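Structure, as structure tokens:
Any read-out appearing in this document is the output of simple, stated calculations on the displayed coordinates, not a laboratory observation. Note that this is a predicted model, so its numbers are computed, not measured. Note that we place each Cβ from the backbone using ideal geometry, even for glycine, and neighbour counts take in every protein chain shown.
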Amino acid sequence: MYPESMQESIRRLEATREERIKQGKIPLLDAEAKKALLKSFHPDYIETSMRALAVGPNKGERTPHEIADCLEAWPIVDPKRFDPDNPKFTVDVLVIGGGGAGVAAALMAQEHGASVILTTKLRLGDANTMMAQGGIQAADKENDSPERHYLDVLGGGHFKNIPELARALVTDAPGVIAWLEELGVMFDKTQDGTMITIHGGGTSRKRMHACRDYTGAEIMRTLRDEFKSRGIPALEFCAAVELLTDDEGACAGAAFVNLDTNELFTIRAKTTILATGGCGRLHIQGFPCTNHYGATADGLVLAYRAGAKLIFMDTIQYHPTGVAYPEQIVGQLITEKVRGLGAHLVNAFGNRFIYELESRDITASAIIRECTERKNGVVTPTGRVGVWLDTPLIELLKGEGAVKKNLPAMYHQFARFGIYMDKEPILTYPTQHYQNGGILINEVGETGVKNLYAAGEVAGGIHGRNRLMGNSLLDILVFGRRAGRSAAEKAQMLSVDKGAGFKHLIKFQAELRAAKVPKERRSPILLPEYRRPELQTPFAFVNR
Amino acid sequence: MARKKRKSEELSPSGNNFVTIYVMGEAYRVPKDLTIMKAMEYAGYRFIRGCGCRGGFCGACGTVYRTRDSYKLKVGLACQTVVEDGMYLTQIPFYPANKKDYDIKELQADTQVLVKLYPELMRCIACNSCTKICPQDIDVMGYIQAAIRGDIAKVADMSFDCIMCGLCASRCPAEIVHYNVGLLARRLYGAKIAPRAQHLAQRLEEIKAGRFEPGLDRLTKMSEAELSRLYYEERDIEPE
Ligand SMILES: Cc1cc2nc3c(=O)[nH]c(=O)nc-3n(C[C@H](O)[C@H](O)[C@H](O)COP(=O)(O)OP(=O)(O)OC[C@H]3O[C@@H](n4cnc5c(N)ncnc54)[C@H](O)[C@@H]3O)c2cc1C
Ligand code: SF4
Ligand code: SF4
Ligand code: FES
């Protein structure tokens with residue numbers, strides 16, 4: 001139920017609806033207008049929000065303070081407390097992270113003959129992958145092609161993407177969809193098996209495949225079921241806190257904490273794949289976020305200490321449409337599909353102000369401008385501002401029942417709070433969503449550290465400076481599969497007999513000392529802190 | 001779950017904006033309007049288990065509770081349910097359940113397969129406890145009945161919104177693990193019953209034959225200026 005103050009604005013929105021329908025599509029911004037909008041309103045362009053890194057492979061490059069605080073930080077556990085000579089497990093391929101990228105990598109590594117173990121901080125599948133609603137891109141329709149997909153990816157990424165990575169992404173895409181189909185993912189299809197595909201922000205063809213609005217959940221639960229059926233060992237609630245390196249600086253496994261028991265242990269591996277996802281829960285610039293509980297940039301920290309270079313760490317994706325009301329679910333995602341289905345973005349006075357399917361950074365900037373400079377936002381009882389998404393319009397455009405049919409998860413989420421999005425609009429404001437950059441990888445997922453691979457949101461380069469909807473679910477599977485295969489093949493050529501330990505940390509800690517990084521600053525974060533300050537205590541295993 | 005020792009002033013916040021909840025028997029005053037998850041964090045709990053997406057998608061936070069005025073056990077997702085005064089809470093983040101191992105490629109999508117793998121299905125006494133508890137409002141008993149009849153397509157469709165929270169399994173007197181039956185049905189439907197996408201198979205052939213390689217060779221070598229021209233001036237967009 002909306003308070004009366006907000007209902008007044010809803011009435012204005014209803015009054016302009018007819019006219020807006022007649023108006024149809026509003027023109028896209030040209031390149032110049034886009035640049036100007038981003039420069040003035042995108043959070044990435046706020047000078048004071050970032051600083052240059054003082055240590056490590058990206059020294060001198062700028063990144064948000066919250067990420068810098070993780071990268072310029074001391075280990076949370078004294079490495080001396082681990083005994084790498086007596087690892088708990090020894091395997092060919094160690095996969096760290098139990099989201100889509102990690103599970104895909106583990107499945108492929110196993111298929112390619114490697115012994116595999118997967119470790120994950122929360123439950124297997126409790127990951128951003130589970131939350132993706134909108135869809136997954138692949139150019140598999142007659143009127144589409146990998147080349148078109150490529151151009152869209154590059155345009156979305158402001159042409160900064162690493163070409164070979166973007167090429168791998170679009171070339172493997174149809175194969176990934178076919179793989180999922182074979183594993184039993186229930187894609188939305190017509191009677192004859194044709195995939196139902198729609199537009200997403202920045203796409204030139206309708207190439208977004210979906211499974212109702214549970215696309216990520218459907219993919220994740222299928223992959224997890226396959227993983228479990230194959231009996232691949234997995235350790236849940238075990239967080240990686242450091243990598244192991246051998247005398248030559250190559251990765252040789254990782255060190256872990258069992259979050260339930262506080263046990264410290266290591267796993268030795270010939271090759272290691274980091275698939276720990278992104279950094280949403282760092283709440284950059286105080287934004288709320290869409291991400292799952294464990295998205296705290298751990299993989300970046302581990303790889304960085306071991307000497308891997310990161311790329312595009314000065315760009316974060318703010319999803320244009322996060323929930324701005326009700327307060328209980330602020331920051332949660334309102335999928336782009338809502339706009340794909342025709343819902344208008346409308347300000348407090350019932351007017352549109354941007355074409356709904358511009359790329360995410362543009363749309364987010366336009367909403368911020370509408371609410372800040374132009375003061376055309378709707379104010380909630382707790383003082384947040386936002387703009388409307390005119391969801392009842394979907395019913396008018398696509399027929400009665402269209403909201404419930406196409407957006408059951410969303411519908412449910414709002415209905416729990418007494419808001420019925422087929423009858424009332426929903427209020428929205430940008431929310432921190434995705435880590436555009438990450439660990440620099442090559443086409444098979446190798447990082448700058450020997451025998452260390454990265455896949456999924458933790459990796460960077462594929463999407464340039466901005467990712468388009470539906471290309472992340474794709475990338476985690478494309479590069480998860482590639483990394484799994486490559487890590488398994490590489491492992492067959494290696495042995496595990498060389499010394500392994502934390503030599504890389506000695507060098508890194510010297511840099512920290514020289515840069516006078518305060519001793520209290522520790523990472524990885526592992527889990528965000530949501531307790532009241534007076535009730536906060538560090539993890540039991542953290543050195544004080 | 002790690003919890004810092006409760007401070008005595010915890011019970012003091014008074015007035016209309018606070019309610020009392022009980023977590024594992026201990027009373028806490030917490031701001032009303034918080035979700036159960038946020039209220040427990042406010043009270044000083046740090047989640048390790050029982051918390052995942054915080055958005056109603058992962059099923060990690062199934063919670064059983066009672067309110068003062070009723071003997072009834074109620075359930076909800078901790079990340080989606082708002083606290084009420086007098087709520088007694090128990091989280092059930094992990095409920096033991098069996099899952100059959102199978103190779104989906106080898107299974108036949110016939111009317112017997114679900115019952116063969118999960119014979120306990122036949123023990124359903126139609127008590128409807130599973131449906132009543134489901135936080136996703138799924139007709140769970142309905143899909144179990146469909147499973148008994150061997151109607152895979154129906155089970156797949158009806159169970160689609162399942163987030164595998166395990167609450168249904170916690171209540172079933174027949175010890176059925178509903179969500180694993182639904183999952184198997186969906187995989188069978190997706191892999192074996194839904195017709196395959198023909199355009200997809202065709203595109204795979206074309207990729208294998210290297211049809212897009214020359215075009216991609218050209219694009220990957222292009223300068224930013226050339227790409228930008230293609231993107232802004234020549235790219236045509238499929239109409240809505
Ligand atoms: C709400 C939402 C909606 C989205 N919608 C879409 C969409 O429609 N289409 C699309 O393409 N993309 C979408 N995305 C983006 C996409 O879902 C994610 O980028 C992608 O799933 C990331 O996959 P991943 O495997 O790299 O990471 P995740 O799925 O996040 O998995 C990371 C895993 O690593 C584990 N981990 C983290 N740290 C450690 C550690 N220290 N030790 C051990 N394990 C650790 C985590 O517990 C988790 O299991 C969405 C994202 C969100 C949050
Ligand atoms: S069917 Fe069972 S496991 Fe699935 S959402 Fe409902 S109660 Fe949870
Ligand atoms: S709870 Fe169990 S026995 Fe009761 S209706 Fe559901 S499946 Fe049948
Ligand atoms: S935490 Fe994922 S459903 Fe509640």
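Check each of the GluC sites (Glu not before Pro) in the stretch B:78-152 and keep only those in coil by DSSP with at most 16 other C-beta atoms within 10 angstrom; list them in order.
Numbers: sites: B:Glu84, B:Glu106, B:Glu120; in loops: B:Glu84, B:Glu106.
Sparse-neighbourhood loop GluC sites (Glu not before Pro): B:Glu84, B:Glu106.
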Inset, instruction - Taking the Cβ of each residue in B:Thr20, A:Thr266 as the centre, tally the other Cβ atoms inside 10 Å and list the residues starting with the fewest. - result: B:Thr20, A:Thr266
Inset, instruction - For A:Ala459, enumerate residues with amide H under 5 Å from its amide H, sequence gap 5+ or separate chain, H modeled in the peptide plane. - result: A:Ile439
Inset, instruction - Grab every C-alpha pair in the stretch A:267-384, bin the distances at 5 angstrom width from 0 up to the longest one, and report whole percents. - result: 2, 9, 15, 20, 17, 12, 9, 7, 5, 2, 2, 0, 0
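Please arrange B:Ile176, A:Ile419 by counting, for each residue, the other beta carbons lying within 10 Å of its beta carbon, fewest first.
Lowest count first: A:Ile419, B:Ile176.
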Legend entry - Alpha-carbon Debye profile of the stretch B:68-107, log10 I(q)/I(0) at 0.34 Å⁻¹: -1.30
Inset, instruction - Specify the angular offset, from 0 to 90 degrees and rounded to the nearest 10, of the alpha carbon long axis of helix A:4-23 from the longest principal axis of the alpha carbons in chain A. - result: 80 degrees
Inset, instruction - Compute the acute angle (0 to 90°) between the alpha-carbon long axis of helix A:503-514 and the principal axis of greatest extent of the alpha-carbon atoms of chain A; round to the nearest 10°. - result: 70 degrees
Legend entry - Within chain B, helix-based [θ] at 222 nm, where runs of 4 or more DSSP H residues each add -39,500 (n - 2.57), nearest 500: -8500 deg cm²/dmol
Legend entry - Extended-chain gain in nm, criterion 0.36 nm per residue less alpha-carbon gap, A:Thr190 and A:Val542: 121.3 nm
Inset, instruction - Quick one: net charge around A:Tyr293, please, counting Lys, Arg +1 and Asp, Glu -1 for every other residue with C-beta under 10 Å from its C-beta. - result: +2
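Two decimals, Cα atoms only, Kirkwood Rh: what is Rg/Rh over chain B?
That ratio equals 1.16.
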Legend entry - Rounded to 5, percent antiparallel among DSSP beta bridges of chain A: 65 percent
Legend entry - Net charge, A:Tyr453 excluded, C-beta distance under 12 Å - Lys, Arg +1, Asp, Glu -1: +3
Inset, instruction - Would you mind counting up the charge near A:Glu248? Only other residues with Cβ under 10 Å from its Cβ, with Lys and Arg at +1 and Asp and Glu at -1. - result: +1
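In debye, nearest 20: dipole of chain A around its Cα centre with unit charges on the Cβ of K, R (+) and D, E (-)? Could the numbers behind the result be given before it?
Values: 66 positive and 65 negative charges, 150 e Å.
Dipole of chain A, to the nearest 20 debye: 720 debye.
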Inset, instruction - Please give the FRET efficiency for A:Lys59 paired with A:Lys519, using the beta carbon to beta carbon distance and R0 = 22 Å, rounded to the nearest 0.05. - result: 0.65
Legend entry - Alpha-carbon centroids, the stretch A:1-71 and the stretch B:45-115: separation in whole Å: 36 Å
Legend entry - Average beta-carbon neighbours from other chains, 10 Å sphere, peptide A:115-126: 3
Legend entry - Label-point separation in nm, A:Asp30 to B:Gln202, each point 7 Å along Cα→Cβ: 3.8 nm
Legend entry - In degrees, nearest ten, helix A:31-41 long axis to first principal axis of chain A (Cα): 70 degrees
Legend entry - Per-peptide average of other Cβ atoms within 10 Å, ordering A:1-9, B:187-195, A:371-379 highest first: B:187-195, A:371-379, A:1-9
Inset, instruction - Go through the stretch A:450-460 residue by residue and turn each phi into a ³J(HN,Hα) via Karplus (6.51, -1.76, 1.60, θ = phi - 60°); whole Hz please, and just put x for glycine and proline. - result: 4, 6, 10, 10, 9, 8, x, 4, 5, 8, x
Inset, instruction - Using DSSP, restrict attention to beta bridges with both residues in chain B and report what percent are antiparallel, rounded to the nearest 5. - result: 85 percent
Inset, instruction - Take B:Leu77, A:Leu527 and order them by how many other Cβ atoms sit within 10 Å, fewest up front. - result: A:Leu527, B:Leu77
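Restricting the count to DSSP beta bridges whose residues both fall in the stretch A:114-257, what percent are antiparallel, rounded to a multiple of 5?
On the way: 11 of 13 bridges.
Of all bridge pairs located within the stretch A:114-257, approximately 85 percent are antiparallel.
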Inset, instruction - Quote to one decimal, in nm, the extra length available between A:Met1 and A:Arg230 on full extension: 0.36 nm per residue of separation minus the C-alpha distance between them. - result: 77.7 nm
Legend entry - FRET efficiency for B:Asp139 and A:Thr382, using Cβ-Cβ distance with R0 set to 25 Å, rounded to 0.05: 0.10
Legend entry - Pair-distance profile P(r), taking every C-alpha pair of the stretch B:109-240, with 5 angstrom steps and integer %: 2, 10, 15, 14, 10, 7, 5, 6, 8, 8, 7, 5, 2, 0
Inset, instruction - Starting from the Cα gyration tensor of the protein assembly as shown, take the square roots of the eigenvalues, sort them a ≥ b ≥ c, and report rounded, prolate or oblate (rounded when a/c is under 1.5, otherwise prolate if a/b is larger than b/c, else oblate). - result: rounded
